[in-house]
Structure formats: structure tokens, C-alpha cells
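Here is the structure we will look at.
The values are calculated or read from the model by the stated rules, or taken from the named source; none is laboratory data. The structure displayed is predicted, hence computed values, not measured ones. Note that each Cβ is placed from the backbone with ideal geometry, even for glycine, and that neighbours are counted across all protein chains shown. With ligands, DNA and RNA removed, areas are computed over all heavy atoms of the protein, side chains included. Shrake-Rupley method; radii C 1.70, N 1.55, O 1.52, S 1.80 Å.
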Amino acid sequence: MMAARFLFRRTIPALRQVRCYADAPGGAPQMSFTFASPTQVFFQGASVKQVDVPTLTGAFGILPAHVPTLQVLRPGVVTVFADDGSSTKFFVSSGSVTVNADSSVQLLAEEAVTLDSLDLAAAKANLEKAQADMVGVSDEAARAEIQISIDANEAIVKALE
């Protein structure tokens, strides 16, 4: 039996696995970016340089050839850097971001608006109201809704200050 194993190993050439460096991309690397909310599509397969996103595990930047990942967004600012170096900032309430192996990125937000369309005074007023409402509520579901409002308004205030 032992001799049969030895002969079997000798007759079939061993498959070798060799690790190599990745091939250098031809030309400038490209990243296809899609960004949408239920009410609006902001980018549809656009070529961008970088996208910075706020996630539950921390904020990070996405560049072409980024490692594939799936993350949950937290309330905060998404910054999109175009190929020409200009940037556009959006506020997102929540959602998900998917980075694929082919350097395509999909960002799906529950709510998203450009940062310049938000009002700092209104966000501060909403934050104060939500914090005051939290004091008298004992129902867990209502507390969770108020906490979401507090988190979102705190992120808006932080983004605008």
C-alpha cells in the first residue's frame, strides 16, 4: 500500500502554486462609481479618482484596485473626488457601499443630499428637540427612533461646522 502511494505521487506531476505580484495596470487605473438613493441617482458608472465614506467600522477612502469589501454606512459625509481633482460632498443617513474586484463601487444610501442643501440652524434645532424628546420616552421603539434622529442631526451639525 505504501509503495502504491509513492508510485502514484511520482506518476502524476505535482501542481505547483506560485504566488506572484499583481500585473501593473495599463495606463491610469479606473474606478467605476455608482451612487444612488431611492429618489435620485447621483453617479451612474462614472469614472472617479477616490471616494471617502463613513462606515460603522470607521471612515475610509476607496481608490481604484481597492480590496473588495461590503460595508454599512453611518450618518456622515461622503466625498467624491473626480478625475480632475475636484470634489463633491454629500450627506448620507445610512446605506451600504460595495467595492468589487473589478474596481467598481456601488454606494446605495437610504437618504442622500448635497452638503450645501443642508441648513445648520435647522439641524441644531432638530437636535435639541430630539434630545428633549428622549428624556420623557420609556418605549424602546420610540427611544430607538429618537436616537436615530439624534445621531443623524449630530452628524449633520458636525459636517456643517
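Under a crude label model (7 Å from the Cα following the beta-carbon direction), how far is ALA65 from GLU145 in nanometres?
Calculated label separation equals 4.9 nm.
In a shell of Cβ-Cβ distance under 11 Å around PRO38, excluding PRO38 itself, what net charge do Lys and Arg (+1) and Asp and Glu (-1) give? Intermediate values should be presented prior to the final figure.
Working: positive: none; negative: GLU110, GLU111.
Spelling it out: positives minus negatives among the neighbours equals -2.
Can you give the net charge of the other residues whose Cβ lies under 15 Å from the Cβ of PRO54, counting K and R as +1 and D and E as -1? Kindly include the intermediate steps, with their values, before the conclusion.
Numbers: positive: ARG74, LYS89, LYS158; negative: ASP52, GLU110, GLU111, ASP151, GLU154.
Here the count lands on -2.
Give me the aspartates and glutamates in straight-line cross-link reach of LYS124: C-alpha distance below 13 Å, same-chain residues under 8 apart excluded.
ASP151, GLU154, GLU161
Would you calculate the volume per residue, in Å³, of the smallest convex hull containing every Cα atom of segment 58-104?
Numbers: hull volume 3.5 nm³, N = 47.
Expressed per residue, the convex hull around the Cα atoms of segment 58-104 is 75 Å³.
How large a share of the accessible area of segment 104-161, in percent, is made up of carbon and sulfur atoms when the probe is 1.4 Å and the other protein chains stay in place?
Working: 1940 of 3650 Å².
Answer for segment 104-161 is 53 percent, counting heavy atoms of protein chains only.
Would you mind getting me the FRET efficiency between GLN30 and GLN131? Use the beta-carbon distance for r and R0 = 35 Å, nearest 0.05. Write down the numbers at each step before the final one.
On the way: r = 45 Å, r/R0 = 1.29.
Computed FRET efficiency for GLN30 and GLN131: 0.20.
Any idea how far the Cα center of segment 145-161 sits from the one of segment 61-97, in Å?
Between the Cα centres of segment 145-161 and segment 61-97 lies a distance of 19 Å.
Give me the Kirkwood hydrodynamic radius of segment 69-161, using the inverse of the mean 1/r over all pairs of distinct Cα atoms, in Å to one decimal. If you can, show how the numbers build up before the last one.
Working: mean 1/r = 0.0677 Å⁻¹.
Taking every pair of different Cα atoms in segment 69-161, averaging 1/r and inverting gives 14.8 Å.
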